Amino acid sequence: MSAELVVQIRVDADVLLARQKAREMAKPLRFSASELTLIATAISEVARNIVTYAKRGQIMLRLVSRGRRRGIRVVAQDEGPGIADINRAMEDGFSTSSSLGLGLPGSKRLMDEFDIVSALGKGTTVTMTKWER
């Protein structure tokens with residue numbers, strides 16, 4: 001599996017486009033409608049973080065396989081200010097804006113695999129994967 005798509009994220013409309021493209025890409029896999037919604041929701045959270053904190057970045061969508069398992073990998077990248085304390089950012093309710101602070105920890109709960117790397121002044125990369133059941 002090597003299908004890959006990149007969606008540039010700058011404004012709220014790009015968040016919706018990334019959600020839509022992920023649904024389209026994942027549809028041929030054996031995801032239920034509710035699983036497709038979970039994927040779209042996780043993408044919304046990380047893409048909105050790009051718009052809010054970094055102003056611009058990208059969401060890369062890729063179909064992946066591991067043995068017989070198939071899934072979709074989402075990589076959200078930006079060159080924004082970075083996250084000073086990743087552990088704190090992963091706590092429910094923590095936010096440096098006026099949001100509910102559910103974005104990153106919520107995305108982690110929605111996906112099967114989640115990794116975040118961030119450096120102050122250099123940006124953040126969030127990698128998430130959802131596998132077929």
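Details
- Per-residue Cβ neighbour rank within 10 angstrom, fewest leading, LEU5, LEU29: LEU5, LEU29
- Spin-label model distance (nm) - LEU17 vs VAL64, 7 Å beyond Cα toward Cβ: 2.4
- Computed [θ] at 222 nm, helices only, for the chain once each DSSP H run of length n ≥ 4 contributes -39500 (n - 2.57): -10000 deg cm²/dmol
- Low-density loop positions, trypsin sites (Lys or Arg not before Pro), the stretch 7-39 - DSSP coil, at most 16 other Cβ in 10 Å: ARG10, ARG30
- Here is the size of the chain from its Cα atoms: Rg then Dmax, 14.0, 43 Å.
- Our summary gives the chain a relative contact order of 26 percent, counting only alpha carbon pairs under 8 angstrom and 6 or more residues apart.
- With a threshold of 21 Å on the Cα-Cα distance, the over-threshold entries among LYS55/LYS130; LYS21/LYS122; LYS108/LYS130 are LYS55/LYS130; LYS21/LYS122.
- Among ARG88, ARG109, ARG68, the largest mean-square fluctuation in a Gaussian network model of the chain (Cα springs under 10 Å) belongs to ARG68.
- Assigned charges on the beta-carbon of Lys, Arg, Asp, Glu; the chain dipole about Cα centre (debye): 540
- Principal-axis analysis of the Cα atoms of the chain puts helix 12-26 at an angle of about 30° to the longest axis.
Each reported figure results from applying straightforward, stated rules to the coordinates on display, with no laboratory input. Everything quoted here is computed from the prediction, not taken from an experiment. Reconstructed Cβ throughout: ideal geometry from the backbone, glycine too, with neighbour counts over all protein chains shown.
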